[in-house]
Amino acid sequence: MKPLRPWMLGAALAGVVAVALVASGGIGVIAGKSRPVHKTPTTYATPVAPSAAASSECGAWSATSGTVGAYMSAKYGEVRNCAQVGSDWIITTLGNSTHGGVVALDVCTGSDATTCTDGQNNHPVSAWKILTPPYPGGVTILSRNAQEETVIVDDGGHQLTLDLATGTFSK
């Protein structure tokens, strides 16, 4: 083994110091130049808990043994979420080998609005509107806003806002 030359020792020591500073968050290194790192807090939407089985919010109809849950699971893959947003119900799926994940929307209006929104009465499969998001992969509810009639979803790794009034997705 060759002895360390003074210039080698200096380069090695500089590398150790740079790694330590980067690891501590004090300095960022880009292409051999150092600069202070200004950390800006990042906020992310809080995910809604998965509800593949019936939950207190979504009734037995949303479970894989229920009418709607069984239909959604068979056609669009495992049910990831079921949630109420205002007077609307939303189900998201993870997709399967033939279809990517979807958002299913049941808007409770008219004379059946009271029984529709209680969460326990069966929802006919024909009442659900299927929305296909723009990216392949599973769909998960991250947050919901009943006043604005919007839901933030993760669609295959892309965070999108779904406008429930129009059924459109946007970044």
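A few notes on this one:
- Summarised in one figure, the compactness ratio Rg/Rh of region 53-171, Cα atoms and Kirkwood Rh, is 0.94.
- Size of region 101-171 from its Cα atoms: along the principal axes, largest to smallest, the extents are 37, 25, 19 Å.
- The relative contact order of region 52-166, computed from alpha carbon pairs under 8 Å that lie at least 6 residues apart in sequence, is 20 percent.
- Summed residue charge, Cβ within 14 Å of residue 148's Cβ, Lys/Arg positive, Asp/Glu negative: -2
- Couplings for region 62-79, taken from phi via the Karplus curve 6.51 cos²θ - 1.76 cosθ + 1.60 with θ = phi - 60°, read 8, 6, 5, 8, x, 4, 6, x, 5, 5, 4, 4, 5, 8, 10, x, 3, 6 Hz in order; Gly and Pro are left as x.
- Summed residue charge, Cβ within 14 Å of residue 133's Cβ, Lys/Arg positive, Asp/Glu negative: 0
- Two-site FRET efficiency, residue 65 against residue 109, from Cβ-Cβ distance with R₀ of 25 Å, rounded to 0.05: 0.35
- Theoretical FRET efficiency, 1/(1+(r/R0)^6), r = Cβ-Cβ of residue 148 and residue 120, R0 25 Å, to 0.05: 0.40
- Rounded to the nearest whole angstrom, the semi-axes of the ellipsoid equivalent to region 114-154, taken from the Cα gyration tensor as √(5λ), stand at 23, 16, 9, largest first.
- Of the residues 84, 122, 72, the one whose Cα sits farthest towards the positive end of the charge dipole of region 66-157 is 72 (charges of +1 on Lys and Arg Cβ, -1 on Asp and Glu Cβ, taken about the Cα centre).
- Lys, Arg +1 and Asp, Glu -1 on Cβ, resulting dipole of region 89-170 about Cα centre, debye, nearest 20: 160
We did not get these values from a lab; they are worked out from the coordinates using the rules stated. This structure is a prediction, so every number in the text was calculated from the model and none was measured. Don't worry about glycine lacking a Cβ; one is built from the backbone with ideal geometry, like all the others, and counts go over all protein chains shown.
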